[in-house]
Amino acid sequence: MPDSTRVHTVTLLVVLVVMTAGCGGLVDDGTDSTANDANESELLPGLTEEGVTDSYLLLSAHYDAFDHESYRSSRETVVRDEAGTVVERETQTVVAAPTGSPARVERTVSGNGTETVIDDHWIDTELPIVRTTESGTVTYTADSTRSIEPAPPIPLEEAYDAVETVTVENGSDERYRLEGHTDRLGRYENVSFTLALAEDGHLAGYTLEGELTADGDRRFVTEEFTQEITAVEPSEPAWLEEGRDEIEERVNSSTTD
């Protein structure tokens, strides 16, 4: 074989080897990129990137996520008058066991020039009790609440029905951002809101701005709420025994009278 022919043959072999090596990416390596893309774009039942198609399915996803799970939530509500002065500020935290009992709810309300009121609720099946602190005085009263649910302060289904835009943020703990506006939501009017949903569909939090009427005056409200699944369960408050003893003593005293 002439040298020129041999060189030409070797060159062709080299080219074939390089081309074959480059085709390794075309061989099925066990991963399905189409499936991965589908998983990334698959949304919750009842939700599309255009909006909410079934609020009931979203509501079910929220409660299913908290089934047999402890949770913690917090809320802050600020009320202003027409001049922008804060006339009331309310904060509340909730820590609840998987069944909603026991649970501890701590609520603080303060106003412009008014006394701060603190309500500390201990909720269980034995004797639910509320410890109220106001003007330096502590009182204990029995409560009728035996358990609570992971329900947000606003009517969630009504909020879903008022959603106008949906943003999907892949890779984020709060994967879905739902924004909307409605004439009324719970006790608020002319409400603009943003809901943040986790990947499993539970409401991770919301922010809203709205209005309400108090004593015939117009008030403007901002509210922030967060809720999360947690392994921490509520612990009995230090005042629980004292409060129950006081209530029992009061009941016994009224019975003897």
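Bear in mind these aren't lab numbers, they're just calculated from the coordinates by the rules spelled out. These figures come from a predicted structure and were not determined experimentally. Virtual Cβ from ideal backbone geometry, glycine too; neighbours counted across all protein chains shown.
Before moving on, here are some points about what is shown:
- Among the residues of region 132-186, just one is of a type in the set (Lys, Arg) and touching a Pro at 6+ places or on another chain (Cβ under 9 Å), namely Arg146.
- Hits in region 162-211 (condition: among the aromatic types (Phe, Trp, Tyr) and under 21 Å from Tyr63 (Cα atoms)): Tyr176, Phe193, Tyr206
- Close Cβ contacts (under 6 Å, 6 or more residues apart or on different chains) running from residues in region 197-224 that are without any contact (Cβ under 8 Å) to a residue 40 or more places away in the chain to residues that are surrounded by 13 or more Cβ atoms within 10 Å (Cβ to Cβ) and in a loop (DSSP other than H, G, I, E, B) comprise Glu199/Arg175; Ala204/Glu174; Ala204/Ala198.
- None of Ala142, Ala151 is hydrophobic (A, V, I, L, M, F, W, C), more than 23 Å from Ser60 (Cα to Cα) and out of contact with any Lys or Arg (no Cβ under 8 Å at 6 or more places or on another chain) except Ala142.
- Filtered by the rule that a residue be of a type in the set (Asp, Glu), farther than 16 Å from Val78 by Cβ and surrounded by fewer than 15 Cβ atoms within 10 Å (Cβ to Cβ), region 189-216 gives Asp200, Asp215.
- You will find that of Thr77, Thr99, the residue that is touching a residue at least 24 places away in the same chain (Cβ under 8 Å) and surrounded by fewer than 17 Cβ atoms within 10 Å (Cβ to Cβ) is Thr99 and no other.
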